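Okay, so here's the structure we're looking at.
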Amino acid sequence: MRLHFRGFVLPDGELRDLWVRDGVISAEPVPGADTVHASGWILPGLVDAHCHVGIKYGGGQEDSDGLIAQAEVERDAGALLLRDAGSPVDTRFLDERADLPRIIRAGRHIARPRRYIRELGIELDDERDLPDIVAEQARRGDGWVKIIGDWIDRAVGDLAPLWSDPVLKAAIDAAHSEGARVTAHVFGEDALPGLLAAGIDCIEHGTGLTDDTIAAMAAQGTALVPTLVNIDTFPGIADGAAKFPTYAAHMRDLHRRSRDTVAKAHDAGVPVYTGTDAGGSIRHGRIADEIIALTEAGFSAHDALGASAWNAREWLGHPGITPGAPADFVVYQDDPRVNLRILTTPSWVVLRGHVYDRRDPVTAYR
């Protein structure tokens, strides 16, 4: 398959020709290439760095057809690289499908009994088992492990950490010795110091970040995936938590200051990347909404795009638009730096050199 595109390629915005041969971007013009489009703006395939392929919208596990449908929705939205931040089902058969996004798996969530959503994670009765389970998940995953850092503790009626500091240190060291990075679900404030002191690589949500923990993340290079479209569900969670008024008030407060928290982290130099938390309470295909949400936290349009495109791909070890890289990119009719809403209507999605004409969602070009 020989293809040719011409357009303004971000992040630099230069007018360039992109040549594709056999699914790979070519450094040289490709004779006989079919010109698909000769204008527009071209971005590296977008990244949803926190999603859950395998969890049904509304809860429960997806079947095989549901997994495929979720991945197709992400592809059609332009999200061509997914970091699956915990799934209860085996999705590796999707790797055989050239028409679906690449998935970087973090294995299953690791939690304590009654301290996370039932049936989704591995629940440890004894926290001392955490290092061994983390090492096991590191060997099964794609270079990432996901632990639950905090959740509501009904005994105290509020968010509380799940693990002691020494156990966290041993667990994160165990993952690193397997060549894996560790990320943690964290809503509140109290779990963050121990996770950061233990050498955590990434924080999911991070609504409880303070000036001190932001400074620690910036100094260590710890990444933040804030999942702002998910944080916007906090008021509804609080409304359903009348039995735990302290927790409900805490969740409302975390939501109220969420954009300011992300803005402070960004200003301090914390690496921030986009993730929607799709699966469960969030529908798949909302990467554009998350990019737009970052601008509500003070990001420029260019920086918000970088958090979901060139910077995010580099962070996860996948190339952008460069010779020799897989031809994974998205074409828009208008400049998304001027109007981010155009991200909701890509014109063409190119995945491994296969072109999907999104002007007519039913039709694939090749």
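A few points about this structure:
- Using C-alpha pairs under 8 Å with a sequence gap of at least 6, the mean separation divided by the residue count of the chain gives a relative contact order of 20 percent.
- Where labels lie 7 Å past Cα in the beta-carbon direction, separation of V338 and E14 in nm: 2.2 nm
- Full-extension gain in nm, A249 to E119, via 0.36 nm per residue minus C-alpha separation: 44.1 nm
- Annotation for segment 19-72 versus segment 275-298: alpha-carbon center distance of 17 Å.
- Relative contact order %, segment 123-237, counting alpha carbon pairs below 8 Å whose residues are six or more apart: 22 percent
- Among D267, D125, D190, residue whose mean-square fluctuation peaks in a GNM of the chain (springs only between Cα atoms under 10 Å): D125
- Correct choice for percent of Cα pairs over 33 Å apart that was computed from the model, options [x] 28; [y] 31; [z] 44: [x]
- Share of carbon and sulfur in the accessible heavy-atom surface of the chain [1.4 Å probe, %]: 47 percent
- Solvent-accessible area per residue in the chain equals 40 Å², computed with a 1.4 angstrom probe and all protein chains kept.
- Prolate/oblate/rounded label for segment 97-181 (Cα gyration tensor, a/c 1.5): oblate
- The modelled label-to-label distance for the pair Q61/D260, using points 7 Å beyond Cα in the direction of Cβ, is 4.3 nm.
- Placing a label point 7 Å from the Cα of V73 along the Cα-to-Cβ direction, the residues of segment 199-234 whose backbone N falls under 16 Å from that point are 229-230.
- Assuming charge only on the beta carbon of Lys and Arg (+1) and of Asp and Glu (-1), the dipole of segment 61-162 about its Cα centre is about 260 debye to the nearest 20.
- Comparing A197, A288, A327 in a Gaussian network model of the chain (Cα springs below 10 Å), the most mobile by mean-square fluctuation is A197.
- Dipole magnitude of the chain, debye to nearest 20 (Cβ charges: Lys/Arg +1, Asp/Glu -1, about Cα centre): 440 debye
- Computed from label points 7 Å out along Cα-Cβ, the spacing between D132 and Q220 is 2.6 nm.
- Put the Cα centre of segment 218-235 next to the Cα centre of segment 120-174 and the gap is 19 Å.
- Length available on full extension from E96 to S281: 0.36 nm per residue minus the Cα-Cα distance, which gives 63.8 nm.
- Among R118, R259, R139, residue whose mean-square fluctuation peaks in a GNM of the chain (springs only between Cα atoms under 10 Å): R118
- Structure-based [θ]222 nm, the chain - -39500 (n - 2.57) summed over DSSP H runs of at least 4, per residue, nearest 500: -8500 deg cm²/dmol
- Available extension along the chain between R154 and R2 is 48.8 nm, counting 0.36 nm per residue and deducting the alpha carbon span.
The values are calculated or read from the model by the stated rules, or taken from the named source; none is laboratory data. Please read all numbers here as calculations on a predicted model, not as lab measurements. Note that each Cβ is placed from the backbone with ideal geometry, even for glycine, and that neighbours are counted across all protein chains shown. When the accessible area is computed, the model is the full protein with side chains, heavy atoms only, and any ligands, DNA or RNA have been set aside. Shrake-Rupley method; radii C 1.70, N 1.55, O 1.52, S 1.80 Å.
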